[in-house]
Amino acid sequence: MKALFQEICSSKFDWDKPLTGETTAKWDRWIKDLAETKEIRIVHGFGDASKKAYCATVYFVYLGMDGKTHVRLVASKTRVAPLKELSIPRLELMSARILAQLMDTIRVALQSQLKIDGVKFWLDSKTALSWIQNKGEWKQFVRHRVNEILKLTAKEDWAYCSTDENPADLGSRGVLASQLKENQLWWCGPSWLTGRPDEWPAMTEAYQTPESQVEEKKSTTVLLTEAERPSGIANVIDVNNHSTLQKLVQVTAWVKRFVNNLRASVTQGSRSTGRLEANELKDAEIEWLKSAQTELKKQHNFKQLEKELGIKTDRNVLRCEGRLLNSDLEIDARKPVILPTKHPFTRLIIEECHQRVLHSGVRATLAELRSRFWVPRGRQIVKRILGECVTCRKLTGKPYSAPPTASLPDFRVREAPPFSRVGVDFAGPLYVKQKSGEMDKAYIALFSCCVTRAVRLELVEDLSTATFRRCLRRFIARNGTPALIVSDNAKTFQATQKALTRLFNHPEVRADLERDKIEWKFNLERAPWWGGFFERMVASAKQCLKKTLGNARLSFDELSTLITEVESTLNSRPLTYEYNEVDEEVLTPSHLIYGRRIKSLPDEIVEPDDALNHESSSARFKYLSTKLAHFWNRWRKEYLVNLREFHRNKLGRPERIVQVGDVVVVYEEDKKRGEWKLGVVESLVTGKDGIVRGAQVRVITKGKPVHLSRPVQKLYPLEIRSKGEGTRTKSTRNQVVEVPTRNAPRRSAALDSTWKTQLMLDS
C-alpha cells in the first residue's frame, strides 16, 4: 500500500484528479486481496538481533476464500545496531521493542477493516523473554524498554522459538536480495504457523538465565522510622541545641515572655520588658521539668518506680516522698524531683551540678544532684557524663593505650657484618679540665651495632656539624661504611634538641651520607623506645662512667682513655644468660667481631714460627673461620631465641585507637599539664604490621600552625573530633544547620517559627 501511494505521488497526480486505469487496477487488486483476509485468525510477530542490526517481522495467518489457511508477510522493520557496543541480550530486547511498536501500528491502521482474533510474539532469546515475563528490579536500560513493551503488549503473548525457525534472523544478519527472493521462511514464516496452536513451540515456564540476572538492580533495604513528635515546650525548643542548663532556661524564659506579650497585645494586658525576672527563670525550669517527666511517664517501668519511690504529684511536678518528710530540710531535699535517666535535660542538670562543685568527682557531683533531684541509677549516669567532660579529660584523662609490641625490624635479627647497620646517639655533656684549670663541655658519640650489639664510643668536643662529620669519618675508617644508620629525631635534653636536629639534617652531613650510599632513618619524635637498642647502651655507658668517675675531673685525653676502656667493657658483656654449668664461654659482642672476649687472655699463646708456610697459614685461617662461624651459630640459637622470649607481647588490644580528626592534648615533658597544647590528628603513622603507632598532630604555636609527630602514648584524647573530620555533635530533631544570628533567617525557618508561635498561643 505504501509502495502504491509512493508511485502515485511520483506521478504528480493532483488530489482531485482521477487515477489512471493501471493505477486503479492495482488498487482494486489490493482491495480484493484484503477482502479475502478479513477473517484473520491470528497475527504473528518475530524479533531477532545480531551485532550488526536488529529486525522485526509481522505475518497474517488467515483463512482464504478457498478454505485453506494462508500466511503472508505484512511488514518488517530493521534497525542498525548502535555504535556503542551492546550485549546481544540487550539488542534482542530492542528488537522486541520495535516488534511491539510495529504490531501496534498495524493494529491501529487496520482495526476498522480487519477482525483479528489474537496476536503472538516470538523471540529466540530466553534472556530477553525473562526480562519481559518476570517481575524484577532491572537496571535502567532494561527497565525502560520492558516498560515500553508491556504498555503495548501483554507478557502472556510472548513465547520462544528456535533461531532456525525465526524469519527475523535473516533481517538481522543480512541476506542478498537474490537469496531473499526465493526464501520461503522470510515470506511465509515457519511451517507451524498454519497449524493448530498446540503444534506451536511450547512455553511451559518463565525463563531464568545467568545473563538476565546480570541486569538485576541491586536491592537496598531501607528502614523507615517515624519519630514521635515531642509535646509541650520540647515541641518549640530543642534541648539538644543548648550546651548548658542556664542557656536553655534563659531561652525558654524569653520565648515564654514573647508569647505572653503577644497574648497581652490581644487582650490589652500589661507587657513585660527589661531583664528576666527570677520567677520567669523558675517557671521556665518547671516547664522543662514537666516536659522531662512526661517522657518518664511513657517508660514501661514507671508503675514500678511510682510504687517503689512513692512518686506523688505536687503542683504538676512529680516528686519522690521518702522517709524524710518530717525533717527540717528544704522541700527539694525532702521531696526531690524525679527525672528520667536518659533525657537530655537530665544531662544538662548533671553537667550544671558538676560545674557547681568545680569539676569535682562523682561523689561530690552526685551529692549536689541529690540535693534537689532524684535520678534512677544516678551514680552510673553521673560517672558516664563526667567521663565525657572535656575540662576533666584535659587535666585527668589518660592517654591512648600503647599498641602491641611490634616485631623486631629485619636489620636487628638478620646476620650481617659487624657495624654494617648501626644506631647513633649522643650522651652528655661531660666536663673536662683544661690546662688553665677551667672546665669545658664534651660529649660522647655512641655507635651501636644493630646485630652484634657491639659499641663504639667517641669523645667529641661539641655538637657542631664539622665535629660530627670528623667523628663519622673516623668510625667509617675503623669499622667500614655502614649501610644503615638509625637515630632519634629529637632529644630529651632541651638544650641539645635543636643542635642535634640541625646536625643530622645539615646539607654537608646529608651529602656525606649520599656519597657513601648510607641510608639514614629517623625514629618518631618523643619516642625513645623506638631506638631502645642504642638508648640502652647509652644508659650502660653512663652507669660505667658514673661509678668510675665519681666527682673527679679529668682532662680530655684522660677522659678519652677512660671512654675507650668503657667501650671494651661493654663489648665484653654477655649477650645470653650465663648458666651455672660452664660448658663453654658465654657469648659476647667481641666474640662476633674478633672471635674472642677482648677482656680475657687469648685461648693459647702462639709461638712465633720462623718457618711459616702456606699449609700452616691455611690451617690457622680455617681454624679462625670455623671458630667465628661457631660464635655466629650460637648467636642465632641463643641470642635470637632469648630475644623472642624477652619481647613477648604482653599487651592486649588497645581499648581505643587514634583516628584522623581526633582532638587531643599533646604531652609536653617540660610543662605543667594545664599548659599542654591542644591539637588535631591529621595523619597516622603505622608500622609494617598495619598497627597505628604514632600520629601527625597540628597544634597552634605563637598563632601559627605547627605539625608535630608523636607516639600514641603521648596523646590524650578528649572524645571530640574536629568539624572537618565529621564532628561528633548531639543529634537534633530536625537536623537544622545553625545560621549566624546576624543573617536573615531562611524562609522555611520563618514559617516554622510562626507555626510554633501559633501553637503556643492556641495552647
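The values are calculated or read from the model by the stated rules, or taken from the named source; none is laboratory data. Quick caveat: nothing in here was measured; it's all calculated off a predicted structure. Methodologically, a virtual Cβ is constructed for each residue, glycine included, from the backbone with ideal geometry; neighbour enumeration extends over all protein chains shown.
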Sole miss for HIS647 among (1) within 26 Å of PRO404 (Cα to Cα); (2) surrounded by fewer than 12 Cβ atoms within 10 Å (Cβ to Cβ); (3) at pLDDT below 60 is condition (2)
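Looking at the range 113-124, can you tell me whether even one residue there is touching a residue at least 40 places away in the same chain (Cβ under 8 Å), over 13 Å from SER50 (Cβ atoms), part of a helix (DSSP H, G or I) and in contact with a Lys or Arg (Cβ under 6 Å, 6 or more places away or on another chain)?
Taking the range 113-124 and keeping what is touching a residue at least 40 places away in the same chain (Cβ under 8 Å), we get 113-124.
Still in the list and also over 13 Å from SER50 (Cβ atoms): 113-123.
Cutting the leftovers down to part of a helix (DSSP H, G or I) gives us none.
No: zero hits.
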Among (1) surrounded by fewer than 16 Cβ atoms within 10 Å (Cβ to Cβ); (2) part of a helix (DSSP H, G or I), the one test that ILE98 misses:
(1)
If you go through the range 310-324 one residue at a time, do you hit one that is over 18 Å from VAL375 (Cβ atoms) and within 48 Å of the chain's Cα centre (by Cα)?
no
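Considering only residues that are of a type outside the set (Gly, Ala, Ser) and not in a helix (DSSP H, G or I), look in the range 83-95 and name the one that is surrounded by the most Cβ atoms within 10 Å (Cβ to Cβ).
So the first thing to find is which residues in the range 83-95 are of a type outside the set (Gly, Ala, Ser), and the list is 83-86, 88-94.
With the extra rule that they be not in a helix (DSSP H, G or I), the set shrinks to 83-86.
On the way: LEU83: 6, LYS84: 5, GLU85: 9, LEU86: 17.
So the residue we want is LEU86.
Based on this model, can you work out whether LEU289 counts as out of contact with any Ser or Thr (no Cβ under 7 Å at 6 or more places or on another chain), under 27 Å from ILE237 (Cα atoms) and at pLDDT 80 or above?
On the way: out of contact with any Ser or Thr (no Cβ under 7 Å at 6 or more places or on another chain): yes; under 27 Å from ILE237 (Cα atoms): yes; at pLDDT 80 or above: yes.
Spelling it out, LEU289 is indeed out of contact with any Ser or Thr (no Cβ under 7 Å at 6 or more places or on another chain), under 27 Å from ILE237 (Cα atoms) and at pLDDT 80 or above.
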Note on the range 43-82: residues outside any strand (DSSP E or B) and farther than 21 Å from ALA128 by Cα are GLY64, MET65, ASP66, GLY67, LYS68
Please indicate, with yes or no, whether at least one residue in the range 149-167 is loosely packed, with under 13 Cβ neighbours inside 10 Å, acidic (Asp, Glu) and modelled with pLDDT of 85 or more.
yes
When the residues of the range 160-206 are narrowed to those that are free of Cβ contacts under 8 Å to residues at least 40 places away in the same chain, in a loop (DSSP other than H, G, I, E, B) and touching a strand residue (DSSP E or B) at 6+ places or on another chain (Cβ under 9 Å), which ends up farthest from LEU63 (Cα to Cα)?
ALA202
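Check every one of the helices (runs of 4 or more DSSP H) wholly within the range 292-407 and list those with 2 or more residues that are at pLDDT 90 or above and surrounded by 13 or more Cβ atoms within 10 Å (Cβ to Cβ). Working first, answer last.
Values: elements: 302-309, 331-334, 344-356, 362-370, 378-386, 390-396.
Those helices (runs of 4 or more DSSP H) span 344-356, 362-370, 378-386.
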Could you grab the pairs with beta carbons closer than 8 Å, sequence gap of 6+ or different chains, first residue in the range 297-315 and among the hydroxyl-bearing types (Ser, Thr, Tyr), second one at pLDDT 80 or above?
THR313/ARG319
Kindly evaluate VAL74 against the criterion of being in contact with a helix residue (DSSP H, G or I) (Cβ under 9 Å, 6 or more places away or on another chain) and either under 22 Å from LYS151 (Cα atoms) or not polar (S, T, N, Q) (or both).
yes
Just checking: which of the helices (runs of 4 or more DSSP H) contained wholly in the range 434-525 hold 1 or more residues that are within 24 Å of THR564 (Cα to Cα), of a type in the set (S, T, N, Q) and at pLDDT below 85?
465-479, 494-504
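Each row is one residue, and each column tells you yes or no for (1) among the charged types (D, E, K, R); (2) modelled with pLDDT under 85; (3) surrounded by 15 or more Cβ atoms within 10 Å (Cβ to Cβ); (4) assigned to a helix (DSSP H, G or I).
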position	(1), (2), (3), (4)
HIS630	no, yes, no, yes
ARG634	yes, yes, yes, yes
ASN642	no, yes, no, yes
PRO654	no, yes, yes, no
ASP689	yes, yes, no, no
TYR716	no, yes, yes, no
Answer residue from the range 693-710, given it is of a type outside the set (S, T, N, Q) and in contact with a Leu (Cβ under 7 Å, 6 or more places away or on another chain) and is farthest from ASN523 (Cα to Cα) among those
VAL699
Note on PHE419: of the conditions (1) free of Cβ contacts under 8 Å to residues at least 60 places away in the same chain; (2) among the aromatic types (Phe, Trp, Tyr); (3) buried (at least 22 other Cβ atoms within 10 Å of the Cβ), unmet is (1)
